[in-house]
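Working notes, beginning with the structure itself.
The values are calculated or read from the model by the stated rules, or taken from the named source; none is laboratory data. No experiment lies behind these values; they were computed from the predicted model shown. We place every Cβ from the backbone using ideal geometry, glycine too, and count neighbours over all the protein chains shown.
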Amino acid sequence: MADTKFHKDEFSNGAHQSRIYSPTFQPLLQSLLATLADLDFDYEKEREKLSNTSPDTNIKIRALEKLKTRHRERREPYIQQLAILQKRMMELRA
């Protein structure tokens, strides 16, 4: 099967288990995960910068909360796409 990927743990205990990833889904999955990693990296970088620069604690807290909210809002569409993709992949396995 051209779309079957084998993982190192699949041959443990003499049992063979294969995971099937459609070549159609894998690039999308990788892209979504890479985008989420980029968003998380940017968020952590901005959070660190804010934490180190603002001397006023109240301003810093408000700015960090806004940054956190923006981060969640930016991630949400990608999380939703991952959920849809996971559902489709599970439907193919059934």
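When P55 is tested against the conditions (1) surrounded by 12 or more Cβ atoms within 10 Å (Cβ to Cβ); (2) outside any helix (DSSP H, G or I), the lone failure is (1).
Taking segment 65-94 on its own, how many of its residues are of a type in the set (A, V, I, L, M), under 21 Å from A34 (Cβ atoms) and touching a residue at least 60 places away in the same chain (Cβ under 8 Å)?
2
Scanning segment 80-94 for residues that are surrounded by 12 or more Cβ atoms within 10 Å (Cβ to Cβ) and under 30 Å from K49 (Cβ atoms) gives Q81, L82. When R62, R75 are screened for being at negative phi, surrounded by 11 or more Cβ atoms within 10 Å (Cβ to Cβ) and modelled with pLDDT of 95 or more, only R75 passes. Is there any pair linking a residue in segment 26-41 that is closer than 15 Å to I84 by Cβ and modelled with pLDDT of 95 or more to one that is in a helix (DSSP H, G or I) and among the basic types (K, R), with Cβ under 8 Å and at least six apart or on different chains, and which? Cβ pairs passing all conditions: L36/R75.
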